[in-house]
Amino acid sequence: MYLVSACLAGVNCRYDGSNTLNKKVAQLVQEGKAIAICPEVIAGLNTPRACCEMVKDQEGHKKIVSTEGEDFTKEFIDVAIKTLEIIKVLGIKKAILQSRSPSCGYGRIYDGTFNGTLKKGNGLVVELLIENGIKIYTENELERI
């Protein structure tokens, strides 16, 4: 069983109200081999919502901020914890998550400048899942599954 980003399964839950449908991921959900969630929606954020990226404050702490400068760090930390709880309850050990996202991104995420530049790093959900032994894949790594 996999946990997958709902946007990859075709759910219109991205910040801009769209999805990033991946037919293989959607098929896993349809076959009952995956559970689709959107961490931001679980956090209570609206769809559509402000675009957010990860930045570091002056003390070097990670923060999730919107293009308008609004701080969503608490919501993203809370949803990382909720996502981990869901995975533990369901006994899931693997996740396929949307790349580049400040919550679900794995390996490379947007750099906080809101200009499409990527940097090395993981989203907050991914960091917590990795710390708890969950194997992470992005939609670009499905051939490895």
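Computed from the coordinates by the stated procedures, all read-outs in this text should not be read as laboratory data. Because the structure is a prediction, the values reported are computed rather than measured. When we count neighbours, we look across all protein chains shown, and the Cβ atoms used for this are built from the backbone with ideal geometry, even at glycine.
For the peptides 36-46, 96-106, the ranking by mean Cβ contacts within 10 Å, running from highest to lowest, is 96-106, 36-46. The range 80-114 and the range 1-52 have Cα centres spaced 11 Å apart. For the chain, the longest principal axis of the C-alpha atoms and the axis of helix 73-90 are separated by about 20°.
Taking only the C-alpha atoms of the chain, Rg followed by Dmax gives 14.2, 47 Å.
Sorting 59-68, 125-134 by average packing, meaning the other beta carbons within 10 Å per residue, from highest down gives 125-134, 59-68.
Pairs of Cα atoms in the range 87-145 fall into 5 Å distance bins, from 0 up to the last occupied one, in shares of 4, 20, 27, 23, 15, 6, 3, 1 percent. For the range 1-77, the tally of Lys pairs with Cα-Cα distances below 18 Å comes to 5, considering only residues 8 or more apart or on different chains.
Measuring spread by the Cα atoms of the range 1-66 yields a radius of gyration and Dmax of 14.2, 47 Å. In the distance distribution for the range 61-111, Cα-Cα pairs more than 14 Å apart total 62 percent.
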